[in-house]
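Q: Handing you a structure now.
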Amino acid sequence: MEKRDRRRVGFGRRDRLLILSLSFGVARIFAAPVETQVSSFEPLVGETVRVEFIVRDVVPDGVIYAESGIPPSFTLTAGRKERVRQGDALATVVTREWVAGEAGSYTLGPFEISAFGQTTEISPIRLTVAAAPSVEAARLSWKIASEKRGTGIASRIELFASFTGTVRAVSCFPPEDAIVERAPSGGTTSAVGRRIDASADIPVLLGAWDWTPLVAGRVRLPSAELTYVGNDGLERTILSEAVEAYIPSVPVASSEKAVPSSVRKAFSEATDGKRASDASVSVAAKAGTGDQSERLARLRRDEYASLLPWRARAERLEAESALGFGATLPVIPASWKPIGVIGAVLAFSAGFALRLLLRNSRRRWTYSLFFVSAALAVFAITVYTRDPGPAGVLRGA
């Protein structure tokens, strides 16, 4: 008899190697190692600290970055996420650049990098910021020149500097809780190239801005940056000192302001129920006497609320023509809105009920009811969409 070939079922060495290689490939796909690079752990005041987070084999859209614990003395000047090639592989580099404003020991972070649905937490970065001897005397400070302050009120803020060197550039970073515009007489353009000597012990005005805070409470003034060249020929950058000011809340608009009675009545409901007669409107409009705006407002209200608005419309157009008005806003017959809706519902219901009650030979008469229902529905939709609803007068923008 022929013996059967019994083969041993199991994993050989080659199979185990294949599984290990596949597992490594899956781990490479689903686990994105993050490499951190810091430009300097002991920067000087005014120097830029650049931190790079490198995520390999991931496109920028698949990387989510989050940060926390950044000291107030560090000002973010640049941040980007870009795709770079490192050898034969591609990587995503998240770059953050801060300018150290004060000397001391600080901690940046922690940070989080998310890729492929997994989040990697990166430990905080410890830095020691030292003050250079030649930069200790340099100062950049704000002064609020306006006495009146409040939300929505523009205040003039002036930037003063005390250093020795030549101005290269002056800039002001716009904050998120205020609007900052360069004042017409700010003078920042003329400050470029100016020579300043700190030995005079008098701060020099570098520029002025109009600062409009948008929130109430303790609000921090914007951060300014000065780049200058010292006596040793080196270019340095300093930031303005942190200054806060108390901003009271100011209402946007007060309802106590006087509004002309003619304008107020034109955008409110009629209370007396009266309307101007034909002679009072036509004769007074042609003669140019009387309160024409009040009469026109009454005619527009009557045209808006009347079931038969044609007479009021003719009088209104005649009065506007006599006053020399051009094209004005049309008045929508608002009283026809419920009639159109109710009529469309009743006509459709009647047609549907008659189709159930009548015989087949007489059901064709119900098509007229469906046609009337559709026409009333279209009319109601047209009136509703053309009616702008409540209107108002805007005193300012």
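Every number here is computed from the coordinates shown, using simple stated rules; none is lab data. Computed from a predicted structure; not experimentally measured. Cβ atoms come from the backbone with ideal geometry, glycine included; neighbour counts cover every protein chain shown.
Q: So how far apart, in nm, are the two label points at E235 and R80 if each is 7 Å from Cα heading toward Cβ?
A: 1.7 nm
Q: Taking 0.36 nm per intervening residue step and subtracting the Cα-Cα distance, what contour gain separates A374 from T36 on full extension? Intermediate results must be reported in sequence, preceding the final value.
A: On the way: separation 338, 0.36 × 338 = 121.68 nm, distance 6.88 nm.
Here the answer is 114.8 nm.
Q: Oh, and also: Once R0 is set to 51 Å, what does the formula 1/(1 + (r/R0)^6) return for the Cβ-Cβ distance between V192 and A89, expressed as a FRET efficiency to the nearest 0.05? The partial results should precede the final answer.
A: Working: r = 44 Å, r/R0 = 0.87.
Efficiency for this residue pair is about 0.70.
Q: Run the simple label-point estimate for I144 and D177 please: 7 Å along Cα→C-beta, distance reported in nm.
A: Spacing of the two 7 Å Cα→Cβ label points: 1.2 nm.
Q: So how far apart, in nm, are the two label points at T166 and Q118 if each is 7 Å from Cα heading toward Cβ?
A: Each label point lies 7 Å from its Cα, and together they span 5.5 nm.
Q: Once you order the gyration tensor axes a ≥ b ≥ c over the Cα atoms, which shape class does the range 207-250 get: rounded for a/c under 1.5, otherwise prolate or oblate by comparing a/b with b/c? Present the calculation step by step, with values, prior to reporting the outcome.
A: Details: a/c = 5.40, a/b = 3.24, b/c = 1.67.
It is prolate, given that a/c is not under 1.5 and a/b is the larger ratio.
Q: Another question, if that's okay. If you take the beta carbon distance between L214 and A66 as r and set R0 to 22 Å, what does 1/(1 + (r/R0)^6) give as a FRET efficiency, to the nearest 0.05?
A: On the way: r = 26 Å, r/R0 = 1.17.
The formula returns an efficiency of 0.30 here.
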